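Okay, so here's the structure we're looking at.
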Amino acid sequence: MSKAAEPGSASGSADWPIPGASVGHSLDPIIIACQNGPLLVRGSVELRTAEGEVIPQLRATIALCRCGVSSIKPFCDGTHKLINFQT
Ligand code: FES
């Protein structure tokens, strides 16, 4: 069984393409669609719930789930690897 990544982070994901890895503190946000994985969001963004409440951005890079099975949505918890999510 694969080990799940730290919630909302990109750690533990050596197979994810992470171009521009040094961009983390840029004010201009970038979004990277990882092959078979989450959307990595780097830079200053305002993330909100469906009800409009601001979700604090605690990291320079956050990983948003796009496979739909994360237990900590909207963040990725690494479960996409366990279900062999394909993009
Ligand atoms: S994309 Fe990682 S748990 Fe959904």
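Output the residues belonging to region 34-87 that are near the ligand (Cβ under 10 Å from one of its atoms) and among the β-branched types (Val, Ile, Thr).
Val69, Ile72, Thr79, Ile83, Thr87
Considering only residues that are β-branched (Val, Ile, Thr) and assigned to a loop (DSSP other than H, G, I, E, B), which ones fall in region 25-78? Break it down into steps so the answer makes sense when it comes.
Going residue by residue through region 25-78, those that are β-branched (Val, Ile, Thr) are 30-32, 41, 45, 49, 54-55, 61-62, 69, 72.
Within region 25-78, Val45, Thr49, Val69, Ile72 meet the criteria.
Laboratory data are not the source of any read-out in this text; all were calculated from the coordinates shown. The structure displayed is predicted, hence computed values, not measured ones. So basically every Cβ, Gly included, is an ideal-geometry build from the backbone, and we count neighbours across all protein chains shown.
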